[in-house]
Amino acid sequence: MRRKLVAANWKMNGDKAANSALLTAFVQGIDTAAVDAVVFPPAVYLDQVASAVAGSGIRYGIQNVHSAEKGAYTGEISLGMVKDFGADYVLVGHSERRELFAESDSVVAGKVQAALAAGVVPMLCVGETLAEREADQTEAVVGRQLQAVLDIVGIDAFATIVIAYEPVWAIGTGKTASPEQAQAVHAFIRGLLAQASESVAGKCQVLYGGSVKASSAQELFQQPDIDGGLVGGASLLADEFVAICQAAKGV
Ligand code: PEP
């Protein structure tokens, strides 16, 4: 039985005071015995998050990483540094990284490979744009994004990797995919993994992301192939995020 996982992607938001208030509410309100919870703050706040969630069972990660070990990469952060702060997860291939920072499928695959080698869990984001959905290309796009990673790391790695299906048209737009739309793509993703290994496909946590709110979470999380959510905007609202975690616990 796969555990539910709910992740908070704060993107480039927050400050020490606001983070502190959010983290206090998360620690008080999230039952980590029942649901996996992960916070992705801006990297400069990793230490603050580490201290605030210590002993709570809430885990944390970084929103982006460089795949090289170290060196002349001004402005970048390595997996070793991430581990130095006790982080367990790294977001890879978020659509904002793919689109605004031109991260290709092969760059994304290289980051997944480097994270696995460092013992950090990659949360691999995949998803189609509105134009791609309207052109009936959803499965082709998501399949291509996954295959690029499968080709590099192999199927067994997907027992560790977390996948987040995030239709680009639903991110930050307030337009959540319907539970049926999301489930259809999640089933496609699990089916693609199952072609290589039924047992790995059965273990892999596949999250939905895209304007998840407390009001939509439960119905999404009740779908058989949706194992939780990657939450952006609503993760900056303590009550909303805690309620989303409650919804995951309840199904
Ligand atoms: C995200 O940033 O991964 C995301 C899903 O954002 P939002 O929940 O705001 O759509």
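The values are calculated or read from the model by the stated rules, or taken from the named source; none is laboratory data. Predicted model only: the values in this text are computed from it and were never measured. Every residue, glycine as well, gets a Cβ built from its backbone with ideal geometry; the counts of neighbours run over all protein chains shown. Side chains are part of the model used for accessible areas, which takes the heavy atoms of the whole protein and leaves out ligands, DNA and RNA. Shrake-Rupley method; radii C 1.70, N 1.55, O 1.52, S 1.80 Å.
Taking 37 °C and 0.692 mPa s as conditions, the range 18-87 diffuses translationally at an estimated 253 µm²/s according to Stokes-Einstein applied to its Kirkwood radius (Cα pairs). Once all protein chains are placed together, Ser20 keeps about 50 Å² accessible to a 1.4 angstrom probe. Heavy-atom accessible area with a 1.4 Å probe sorts Tyr208, Tyr60, largest first, into Tyr60, Tyr208. The largest accessible area among Lys16, Lys111, Lys175 belongs to the first residue in Lys16, Lys175, Lys111, and the rest follow in falling order (1.4 Å probe, all chains).
Simple point charges give the picture: +1 on the Cβ of Lys and Arg, -1 on the Cβ of Asp and Glu, and for the range 11-151 a dipole about the Cα centre of about 420 debye. Summarising the amide proton neighbourhood of Thr129: residues at separation of 5 or more, or on other chains, whose placed amide H is nearer than 5 Å comprise Val168. Kindly state, to the nearest 0.05, the FRET efficiency for Ile155 paired with Asp31, given R0 = 22 Å and r defined as their beta-carbon distance. For Ile155 and Asp31, the calculated efficiency is 0.10. Pairs over the 20 Å Cα-Cα cut-off, from the set Lys16/Lys175; Lys11/Lys111; Lys4/Lys203; Lys213/Lys249; Lys4/Lys213; Lys83/Lys111: Lys16/Lys175. Per-residue 3J(HN,Hα) values for the range 107-122, derived from phi via the Karplus relation 6.51 cos²θ - 1.76 cosθ + 1.60 with θ = phi - 60°, read 5, 4, 4, x, 5, 4, 4, 5, 4, 4, 4, 8, x, 10, 7, x Hz in sequence order (x marks Gly and Pro). Spin-label pair Ser178-Ala117: with each label point 7 Å from Cα along the Cα-Cβ axis, the two points sit 4.5 nm from one another. The alpha carbon centroids of the range 188-251 and the range 90-146 are separated by 17 Å.
Only helices enter the 222 nm calculation for the chain: every DSSP H run of n ≥ 4 contributes -39,500 (n - 2.57), and dividing by all residues gives -13500 deg cm²/dmol, rounded to 500.
Residue-wise HN-Hα couplings along the range 203-220, as the Karplus relation 6.51 cos²θ - 1.76 cosθ + 1.60 with θ = phi - 60° gives them from phi, are 8, 5, 7, 10, 9, 9, x, x, 6, 5, 10, 4, 6, 9, 5, 4, 5, 5 Hz; Gly and Pro carry x.
The fraction of Cα-Cα pairs per 10 angstrom bin, counted from 0 for the chain, comes to 7, 34, 39, 18, 1 percent, rounded to whole percents. Put Glu96, Glu180 in order of accessible area, highest first, and with a 1.4 Å probe you get Glu180, Glu96. The gain in end-to-end length when the Arg2 to Gln147 segment is fully stretched comes to 49.9 nm, 0.36 nm per residue minus the alpha carbon separation.
Each residue of the range 27-40 is assigned a 3J(HN,Hα), and the resulting list reads 4, 6, x, 9, 8, 6, 6, 9, 9, 7, 10, 9, 10, 10 Hz, derived from the Karplus form 6.51 cos²θ - 1.76 cosθ + 1.60 (θ = phi - 60°), x at Gly and Pro. Scaled to the globular estimate 2.2 N^0.38 Å, the Cα spread of the range 30-172, given as radius of gyration, is 1.07. If you take the beta carbon distance between Thr24 and Tyr73 as r and set R0 to 45 Å, what does 1/(1 + (r/R0)^6) give as a FRET efficiency, to the nearest 0.05? My answer for the efficiency is 0.80. Express the carbon and sulfur contribution to the solvent-accessible surface of the chain as a percent, rounded to the nearest whole number, probe 1.4 angstrom. Carbon with sulfur: 52 percent of the solvent-accessible area.
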